[in-house]
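Everything on this sheet refers to the single structure shown next.
The values are calculated or read from the model by the stated rules, or taken from the named source; none is laboratory data. In this text the structure is predicted, and so the values were computed from the model without any measurement. All Cβ positions, even for glycine, are placed from backbone atoms using ideal geometry, and neighbour counts span all protein chains on display.
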Amino acid sequence: MLIAHLTDTHLGIDSGALGGRLDPAAALRRALARVRALEPAPAVLLLTGDLAEAGRAADYTLLAELLKQELPAHAGQAPRVLCIIGNHDHRGHARQTLGALMPIAPEAPPPLACVRAEVGGLQFIGLDTVLPGHPHGALDAPQLDWLARQLRDCAGQPVALFMHHPPLTSGIEAMDRCGLRRGRAELARLVAAHGGVQFIACGHLHRPIAGVLGGAPVLVAPSTSHQLELDLRPGAPLALRLEPPMLGLYRWTAQDGVSCHFGHVQTFEGPYPI
């Protein structure tokens, strides 16, 4: 199975910050076209939050339209799209507009938008880390207790977790200050105890980053729209960069586990036979 991973689409962002060079809708179209062209076709597309810049209902309507337009059934099978929200999103607008793209678990603690789905023998569990009005995130007792129940229900089965705020320290200090402030240690214990978590897919950091938590790889995909400067100096200010957008692509089988790739959305030359 192939799982594609896009994140931080920021639909509706004000492009003026970079002299009008930001166009998140066009950037998402290109990323979805890249997903559509993949061979073999992905079975799942994960979108890990900050779907909209300001949480406007119209931006989620646009997201749903772009997905419908750019991901028609491929060889009779379109990828299953699974969305989770980020700190820029509006929980209510996203839930109301996205519907089946955000399959809220019936037993998810309200008002949290925690997601559960099964595709191809892999259990997908999406965690809502959002604290409305704050850039940082948290996993508190409601999410952690719910996750513990889900993982008990999935005992002996492979699981993929996805969430917006990554449970790692990137070294980009300004982003780490608005990262996952609570629940990382508890999440690590749950992941380690289950033993079958294949990966944890995240966004928020606008860079391709990999780490480990509880024995599972943590995979942070870059934004489809714009990246942050890779600057690990203590106290470094944040700066935006227009780097070539990338997508995460994860190959998973029950026999081999997961292998993780990050590929550019657009390439200018090649490939050339060797």
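Annotations for the structure displayed:
- When segment 240-274 is filtered for residues that are part of a loop (DSSP other than H, G, I, E, B) and either at positive phi or small (Gly, Ala, Ser) (or both), the ones remaining, listed by number, are 254, 270.
- Residue within segment 244-255 that is aromatic (Phe, Trp, Tyr) and either in contact with a Phe, Trp or Tyr (Cβ under 7 Å, 6 or more places away or on another chain) or at pLDDT 95 or above (or both) present: yes
- Enumeration of residues in segment 192-212 that are β-branched (Val, Ile, Thr) and either in contact with a helix residue (DSSP H, G or I) (Cβ under 8 Å, 6 or more places away or on another chain) or surrounded by 24 or more Cβ atoms within 10 Å (Cβ to Cβ) (or both): 197, 200
- Here the condition is being touching a Lys or Arg at 6+ places or on another chain (Cβ under 9 Å), of a type in the set (Val, Ile, Thr) and at negative phi; of 13, 104, 84, it holds for 104 alone.
- Options 125, 172; residue that is over 20 Å from residue 214 (Cβ atoms) and at pLDDT 95 or above: 172
- Restricting 243, 173 to residues that are acidic (Asp, Glu), in contact with a Pro (Cβ under 9 Å, 6 or more places away or on another chain) and under 26 Å from residue 23 (Cα atoms) narrows the list to 243.
- Residues satisfying the stated conditions in segment 16-32, i.e. farther than 17 Å from residue 241 by Cα, out of contact with any strand residue (DSSP E or B) (no Cβ under 9 Å at 6 or more places or on another chain) and either crowded, with 17+ Cβ neighbours inside 10 Å or in contact (Cβ under 8 Å) with a residue 60 or more places away in the chain (or both): 30
Here's the yes/no breakdown for (1) farther than 24 Å from residue 95 by Cα; (2) at pLDDT below 95; (3) out of contact with any helix residue (DSSP H, G or I) (no Cβ under 9 Å at 6 or more places or on another chain):
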{"residue": "6", "(1), (2), (3)": "no, no, no"}
{"residue": "9", "(1), (2), (3)": "no, no, no"}
{"residue": "14", "(1), (2), (3)": "no, yes, yes"}
{"residue": "22", "(1), (2), (3)": "yes, yes, no"}
{"residue": "37", "(1), (2), (3)": "yes, yes, yes"}
{"residue": "47", "(1), (2), (3)": "no, no, no"}
{"residue": "77", "(1), (2), (3)": "yes, yes, yes"}
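- Residue match in segment 99-120 (condition: within 21 Å of residue 238 (Cβ to Cβ) and either out of contact with any Pro (no Cβ under 6 Å at 6 or more places or on another chain) or in a loop (DSSP other than H, G, I, E, B) (or both)): no
- When residue 105 is tested against the conditions (1) touching a strand residue (DSSP E or B) at 6+ places or on another chain (Cβ under 6 Å); (2) at pLDDT 95 or above, the lone failure is (2).
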